[in-house]
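Everything below concerns the one structure shown next.
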Amino acid sequence: MNLNNLILRETEYVRIKSVLMMTQKDLRADLALLIDRNGQQIAFEGPTYAIDLTSLASLAAANLAATDGLAQLVGEPEFSILYHQGKHRSIHISDVAHKFSLVLVFDESVSLGMVRLRVKRATAYLEEIFRGCLRKIEGNSGAPRESTQAKSPIDFSDDDIEMLFWVMKPKIQK
Amino acid sequence: MTFINYVARELNCKVVYYGPGLGGKTTNLQYIYDITNAENKGKMISLATETERTLFFDFLPIDLGQIRGLRTRFHLYTVPGQVFYDASRKLILRGVDGVVFVADSQEERLDANLESLTNLRHNLKEHGFDLLKIPYVLQLNKRDLPNIMPAEELTRLLQVKGEPVFEAIAVRGEGVLETLKAVARQVLVELRKSA
């Protein structure tokens, strides 16, 4: 599956959220998070108030990238699963379609076997959603853009760019 | 690769600070962290050795506010500068949108600067990027030290494509914000072109 030009629309996003919700509820997990391989968050479910998701996504992606490097060093194409067992909480990171990763944070009441079972099911559902996205893109290629489509928000001016950075206050130099 | 989340109306860009060891990449990020409003920055993560040399990367997410209703976030990374951490350095460049090269202005670090620049070019290529096409800024750091090379000469030796060059003293914050603004502007302009 070549997912380099993937466009996720709201319908797919909602379906992804429902897969994450089902997995999170089944495992009573603290968090079910889908990230891309560069560390960007796609969607999450779970009572995550105590977890910094931006940092988690970035570190999980780095961890996976390092693991990929390790796999290549020992002649394996990949290590598709990463599991970190803690005293109270554990993290399970698995590959989805070679482009995304599913990150689960759960407590000691859940067995690893159950996690693997639910991850397998969730991965199959997620991959099906991504295949559906690709079919839509291929189906639409060459077709005129929908007239109802809003103007791209990327159409910003140089002034818009200059307006950024107000959140930073340089210190006064002595 | 810029990630645009239309559902959450967010724009996420990745900028990597590259350069030789002890050149001031982490110091750049620390200064940005210090001057950014608390509600606009995430936690700064430093994966460093006991002697505070970067082992894997530093990471700082900042939120620059809205642009045409899109929340604009920059994820800033540094790479480990030491030569033997090349495998880690390569990983950090995955999905990069813009690069800042932090050069050490001291005369004795010229070879290290040149070696790091060659390494950057090579590692970008491995990820399918071309240094000549990617948003890129050169920062000449440590301008307060006594044994530095003249800025013009260093620019002549290190500038690769007419990119913006900034003189900086990162420990005092001089030139840091200007550098970030310049690379962020290039990333956003590039994004607009490709949209």
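The values are calculated or read from the model by the stated rules, or taken from the named source; none is laboratory data. None of these values were measured; they are calculated from a predicted model. Cβ: placed from backbone, ideal geometry, glycine included. Neighbour counts: every protein chain shown.
Only a single item in (1) at pLDDT below 90; (2) surrounded by fewer than 13 Cβ atoms within 10 Å (Cβ to Cβ) is not met by residue A:61, and it is number (2). Scan segment B:153-170 and give yes if some residue there is in a loop (DSSP other than H, G, I, E, B), over 24 Å from residue B:86 (Cβ atoms) and touching a helix residue (DSSP H, G or I) at 6+ places or on another chain (Cβ under 9 Å), otherwise no. For segment B:153-170, residues in a loop (DSSP other than H, G, I, E, B), over 24 Å from residue B:86 (Cβ atoms) and touching a helix residue (DSSP H, G or I) at 6+ places or on another chain (Cβ under 9 Å): present.
Say we look at segment B:5-34 and pick out the residues that are aliphatic (A, V, I, L, M) and farther than 14 Å from residue B:74 by Cβ; which of these is farthest from the other protein chains (Cβ to nearest Cβ)? Among those that are aliphatic (A, V, I, L, M) and farther than 14 Å from residue B:74 by Cβ, it is B:22.
Please state which of the following conditions residue B:103 fails to meet, knowing it meets all the rest: (1) in contact with a strand residue (DSSP E or B) (Cβ under 7 Å, 6 or more places away or on another chain); (2) facing another protein chain (nearest Cβ under 7 Å); (3) not in a loop (DSSP other than H, G, I, E, B). Going through (1) in contact with a strand residue (DSSP E or B) (Cβ under 7 Å, 6 or more places away or on another chain); (2) facing another protein chain (nearest Cβ under 7 Å); (3) not in a loop (DSSP other than H, G, I, E, B) one by one, residue B:103 breaks only (2). Which one is nearest to residue A:167 (Cα to Cα), of the residues in segment B:67-92 that are in a strand (DSSP E or B) and at pLDDT below 85? Restricting to residues being in a strand (DSSP E or B) and at pLDDT below 85, the top hit is B:67.
Of the candidates B:96, B:16, the single residue that is part of a strand (DSSP E or B) and at pLDDT 90 or above is B:16.
Can you spot a residue in segment A:8-19 that is part of a loop (DSSP other than H, G, I, E, B), closer than 21 Å to residue A:98 by Cα and modelled with pLDDT under 90? Yes. Of all residues in segment B:35-53, which are within 7 Å of chain A (Cβ to nearest Cβ) and within 21 Å of residue A:40 (Cβ to Cβ)? If the condition is that a residue be within 7 Å of chain A (Cβ to nearest Cβ) and within 21 Å of residue A:40 (Cβ to Cβ), then B:36, B:40, B:42, B:43, B:45 are the ones that fit.
Across segment B:149-191, the qualifying residues are those that are farther than 27 Å from residue B:33 by Cα and basic (Lys, Arg), and the one among them that is farthest from the other protein chains (Cβ to nearest Cβ) is B:156.
Applying the set (1) within 9 Å of another protein chain (Cβ to nearest Cβ); (2) touching a helix residue (DSSP H, G or I) at 6+ places or on another chain (Cβ under 8 Å); (3) surrounded by 22 or more Cβ atoms within 10 Å (Cβ to Cβ) to residue B:113 leaves exactly one unmet item: (1).
Within segment B:59-70, is there a residue that is in contact (Cβ under 8 Å) with a residue 40 or more places away in the chain and more than 21 Å from residue B:98 (Cα to Cα)? Yes - at least one qualifying residue is present in segment B:59-70.
Note on segment A:50-67: residues that are more than 15 Å from residue B:90 (Cβ to Cβ) and either touching a residue at least 40 places away in the same chain (Cβ under 8 Å) or more than 10 Å from chain B (Cβ to nearest Cβ) (or both) total 5.
Residue-by-condition table, conditions (1) surrounded by 13 or more Cβ atoms within 10 Å (Cβ to Cβ); (2) in contact with a Leu (Cβ under 9 Å, 6 or more places away or on another chain):
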{"residue": "A:54", "(1), (2)": "yes, no"}
{"residue": "A:68", "(1), (2)": "yes, yes"}
{"residue": "A:86", "(1), (2)": "no, no"}
{"residue": "A:89", "(1), (2)": "yes, no"}
{"residue": "A:93", "(1), (2)": "yes, yes"}
{"residue": "A:104", "(1), (2)": "yes, yes"}
{"residue": "A:109", "(1), (2)": "no, no"}
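If you check B:84, B:56, B:74 for being free of Cβ contacts under 8 Å to residues at least 60 places away in the same chain and within 11 Å of chain A (Cβ to nearest Cβ), only one passes: B:56.
Quick one: would you say residue B:145 is more than 14 Å from chain A (Cβ to nearest Cβ) and out of contact with any Leu (no Cβ under 7 Å at 6 or more places or on another chain)? Answer is yes for this residue.
Taken together, the criteria exclude residue A:70 from residues that are closer than 25 Å to residue B:13 by Cα, at the interface with another protein chain (Cβ under 10 Å from one of its Cβ atoms) and part of a helix (DSSP H, G or I). The residues of segment B:135-150 that are farther than 19 Å from residue B:22 by Cα and in contact (Cβ under 8 Å) with a residue 40 or more places away in the chain, listed by number, are B:135, B:136.
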